[in-house]
1. Only residues of the range 516-549 count here: report those whose backbone N is under 20 Å from the spot 7 Å along Cα→Cβ of residue 437, or say none.
2. Please report, for the Cα atoms of the chain, the Rg to one decimal and the Dmax as a whole number; what are they, in angstrom?
3. Quick one: what Rg and Dmax do you get for the range 212-255 from the alpha carbons, in Å?
4. Starting from 0.36 nm per residue, how many nanometres of slack lie between residue 67 and residue 740 once their C-alpha separation is accounted for?
5. Per 0.36 nm of contour for each residue apart, how much would the distance between residue 608 and residue 585 grow if the chain were fully extended, relative to their Cα-Cα spacing?
6. For an R0 of 35 angstrom, estimate the FRET efficiency from the Cβ-Cβ distance between residue 559 and residue 714 and round to the nearest 0.05.
7. Could you check the simple spin-label distance between residue 157 and residue 547, using points 7 Å along Cα→Cβ, in nm with one decimal?
8. In deg cm²/dmol and to the nearest 500, what is the mean residue ellipticity at 222 nm of the chain if only DSSP H runs of at least 4 residues count, each as -39500 (n - 2.57), divided by the residue total?
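The values are calculated or read from the model by the stated rules, or taken from the named source; none is laboratory data. Quick caveat: nothing in here was measured; it's all calculated off a predicted structure. Note: ideal-geometry Cβ built from the backbone for every residue, glycine included; neighbour counts use all protein chains shown. The accessibility values were calculated without ligands, DNA or RNA, using every heavy atom of the protein model including side chains. Shrake-Rupley method; radii C 1.70, N 1.55, O 1.52, S 1.80 Å.
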Amino acid sequence: MRRLLAVTVAAALLAMPAPAALADPAPPARDFGNGPERNEVAAGVPEQAAALDARAMPEAQPYGHSRERGYPRRTRLPLPPENPADSSIKLGLVPYHGIAPKLNELQQRSNRVSVEIIGRSYQGRDLYLVTVTEPESEARAREQERIRERIEHDPAAAARDRWLAAQYKAPIFINANIHGNEWEGTDASLRTIEQLATSKDPAVASLLARNRLYFNVTANPDGRVNGVRQNGAGFDLNRDFVTASQPEARAMRQAIMDTQPVALVDLHGYVNGTLIEPTTPPHGANYEYDLFITNTYANGLGMEAAVNALGYTPEKDGVEPVQIPFRDSTDGWDDWPPIFTPQYAPFHGTVAAHTVEIPLDVNEPAYSNEPVEELRRRSAINTDVAAAAVRATYGFVQARHDRLIADQIEVFRRGAAGEPAKEVPLGIVPGFGPEDVYTTTFPRAYVIPAGSGQRSATAAARLVDHLVANDVRVERARSAFRSGGRTYPAGSYVVDMRQPKRGLANVMLEPGADISPRVGAMYDISGWSHALLWGATVEPVESLRARTEPVRAAAPTGSVPRTPGALALEVGDAKEVRALNDLLAQGIAVTWDDGTAIVPATARQAARTVADRYGVAFTPAGTATGTPLAPVRVAAAASADELFTLRELGFPVTPVSTAVLNAGFDWSATDVLYVSSGLSHAALNPAARTALEAFLATGGVITRGRTGATFNTAAGLLTATTVAGNADGNGVVRVVSADDGLPGHSFVYSPLWFTGLGPEVTVEQSYAADGPLVAGHWRPREDGSGGGQEQARGQAAVVSGRDERGAAVVLFGTEPMFRNHPKGLFAQVAGALYWSSSVTGAAVTTP
Ligand SMILES: [Zn+2]
């Protein structure tokens, strides 16, 4: 059995006066951590406004993109309330509440425009997907969908079909405003939609007869309204594609899968001169990069020509010439992690995908400091530049229509055939050298075992559902099978790498690679792994002979035994944490016994409900008893992703900061303080320090990162010296834990370790002596001051202890809740919270 926290020991400590605990040179070993967690009519002129009465249009409901209805799909978008505070207004741009009326009007004026609501933002705003195409009968639309499916599911036959490209409308996807304070992609999209909708130019009619243009008009309406990069939950949506923690990212993912674009442009700001991808190395190893770079570079050059042809100059307008990182830079703007829109879409068949950074800065501090006229001048130019990029792209697709479709088919064909990764020939485009070559080796399959070979059935189900949501094919073994000298039981999941979207499957399930030796600087993260960080056992295998059936959803994992009596829940995964916190919130008298929650027989119905809701499995508790447990109330000075994760886990969380504490924070409803951001002990006023001291007599503290470690020292908590690794270092690391129930891997960003540990301090987790980096980028600092992974070997990554006041403290040098990604690590944080709270008695009531 995995030990989560030893409440027996904790209870014993409770009875001990603090000095005695201090005097003990070898405090009892305490575990806080835990384990796992898309007729062609004679096109022509658009209908006139008089032809349609808006009130006769069906009201749009959020249902997602329909693949089989004809076009146009006139819908009447509900109108959001006017918001005079919308940040777009100052720039002379369209505020969020102005988009729906505009799109309703365009749907009335033109039979080329259709709008669907594909989801809602975190703060509840509708997300609009606009399709611009010549009208299609339902039969024509169904035919398009059949071709799309054939391209994906039977690419070898599609490749042989000489008539396919002539029949198929190439999908083009424009993604705008994913960063809320990079506004003008939206305005350029609306302008382009109107021009295409109302144009009488035969070239436009021809364009819309052979292609469909999709516009995600604002991918991040919360951010647009609020004038910030992130969505309403504080998440950068253009980092969320591997995780899809946010509703906007899930809506984009679904829209990309449903539309299967051959080309995609993601509109950003601000880089002067306009930055247009393709990127520098390193290049993602799971793409069919020969197809990708050829098309992406060609369209990049086309966009460059279109933007430069606008005639804006450095002297007259402050607009520098276009830059293309692949051509113009060595490193620092890469396509390694599949967390960005143009780096995610290629796994769904996009063969030309670009970030475009429009030139003139209008976000903070310019937004606040520049005169309104100057801001509006800049935004008007930015809108022109974004519109030029979009225009170049649809011109490119029109010109290269058949080839782009053929290349998309080829991506899926290679995957389905299980061909080895193709090494890209040097010079395939000018400047493509050895430094651009990244390859991977695909295993025959990945197995996610059932039964005792699986460390967490709940985590396995979560991973399978995530893969399926990403359109990765997962199968379930109907009977036991052997592979690689092992027998896998019936019910084991199999991800056959002979599948059209094998690149996406592999980029999630392979460990990744340590690219530190090859690259000087990275733009963002360099490591991720759903296999190593999501709590489930995943095994690559080199042979596959199994009777399988397709999986649409993971099999239910929740259960409650029939035997009467108390129930036990081993708490080793985020889902189990959520279930336990749900039971605690209901006031159920749960007790805690060595990492296992004991639920009384009287709460059987509540146990059944959480077993169903979270997929957790209860077992008979037998005679186990344990120590009473109460909800752990957390005051958190933390980053937005951590707040989101703590709440997702079901902890009651109150955000705090230096300012909140200085204003006289009431600590009476807090059991544990979590510190990683926005709290400086040195900046606390005397009253706030006094109140904190009083809290520390009965409460616990969990810290993460440099801010947390600084707080530890300033507050005089644990005796430990914090050593900072290279602040750019990040990725998946191998770790060794005191509790063998904990995962063997963790995640770091700006890693820390702890030396000079006092006798009250216990090492809970260390960086492995080999590596420790498994996947990512982690070099020593350039100035010779160390901080590389070599210096971290064997060093303490997570420590715990009780300070002289009795406060139970845990220091994290790792980052277990980073962007809500490493789901298998969340329970380690929960374990720390339960432990800290229990030891100090805050959440444990006397039996
Ligand atoms: Zn951006």
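1. Answer for this model: 516-520.
2. Just the Cα atoms of the chain yield Rg and Dmax of 28.1, 90 Å.
3. That works out to 10.5, 33 Å for Rg and Dmax.
4. That pair, residue 67 and residue 740, stretches by 237.4 nm at full extension.
5. Residue separation times 0.36 nm, minus the Cα-Cα distance, leaves 6.7 nm.
6. Working: r = 48 Å, r/R0 = 1.36.
That gives a FRET efficiency of 0.15.
7. Result for the modelled spin labels: 2.6 nm.
8. On the way: 28 runs with 280 residues, N = 847.
Rounded to the nearest 500, it is -9500 deg cm²/dmol.
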